[in-house]
Each structure stands twice: as C-alpha cells, then as structure tokens.
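Only the coordinates and a few stated rules stand behind these numbers; no lab work does. Quick caveat, the model's predicted, so the values are computed rather than measured. All Cβ positions, even for glycine, are placed from backbone atoms using ideal geometry, and neighbour counts span all protein chains on display.
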C-alpha cells in the first residue's frame, strides 16, 4: 500500500493485467474489493460444485486483501454475492453468516446466468470503511 490518496492492491493474477483492474482500491477511508471468485493458489476453481466451500474461499481471499489494505472483515459495510443458482442460497448464506455474522453488513445476493468459469458458483464483492 502506498501513501497516495488512492492506493491499489494487486495480487499478480493474470486477469488483473489482461482486464485492467486490481484486487482492491483504497480511497481515503473507503476500500472497494473487486468481485472475488473462488480460486485456489494455482488459479483454478476452488471446490467445484461446492457452493459453501466456494463462498468460504471468496471470504478468505477478501480477508487477506483487506489485511493488505489495513482493514479486516469487521470493516465491511456492504457485500454483493453473484450466484449462478439462487436455489442454493443457504450454502452461500451459511458461509456469509460465518464470515460476517459478528458484524453484519448490508448485502445482496443476485442470480446471474454464469461467471467467468463454469465451475464457479459464486463471486463476492465488498465495500469497507476504515476509521
């Protein structure tokens, strides 16, 4: 993290340079975390077919990103979950509750036709405030 008014956090995934984005942006006390997909350390889909495990993995990546930006999960004020099968909402909701239950944010869960990889069931983005 640099000391400029806007700082960016990169994870060096190939998608960042190909698409032209970063994992998160901090502007003052606001942090915006890009849509976070359930990928493993090798860039492959984490736990194909398991919505709960994929959602937990998204929150692990988000937690690590926030730590790198001087924040943690308690700073999250809004989550957005994009899911490919809303009928599995309980799986995603369980992981969300486990990650966010102590400091519940405003949230949305929206069904989308598909994500960038057909094995991915969920992608999560968050906004956080740091005081």
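For the chain, what is the mean residue ellipticity at 222 nm derived from helices alone (per DSSP H run of n ≥ 4: -39500 (n - 2.57); sum divided by total residues; nearest 500 deg cm²/dmol)? Write out the running numbers ahead of the final one.
Values: 3 runs with 36 residues, N = 131.
Using -39500 (n - 2.57) per qualifying helix, the result is -8500 deg cm²/dmol.
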Task: Range of Cα positions in region 4-67 per principal axis (Å), largest first - done: 40, 25, 14
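Of 124, 76, how do they rank once you tally other Cβ atoms within 10 Å and put the fewest first? Provide the component values of the computation, followed by the final result.
Working: 124 28, 76 25.
Least to most surrounded, the residues fall as 76, 124.
How much of the calculated P(r) for the chain lies past 24 Å, in percent of all Cα pairs? Present the calculation step by step, with values, prior to reporting the outcome.
Working: 2146 of 8515 pairs.
Roughly 25 percent, once rounded to a whole number.
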Task: Cβ-based exposure ranking for 103, 82, in which fewest neighbours within 10 Å come first - done: 103, 82
Task: C-alpha long axis of helix 51-68 to longest principal axis of the chain, angle in ° - done: 0 degrees
- [ ] Could you line up 10, 46 from fewest to most neighbouring Cβ atoms inside 10 Å?
- [x] 10, 46
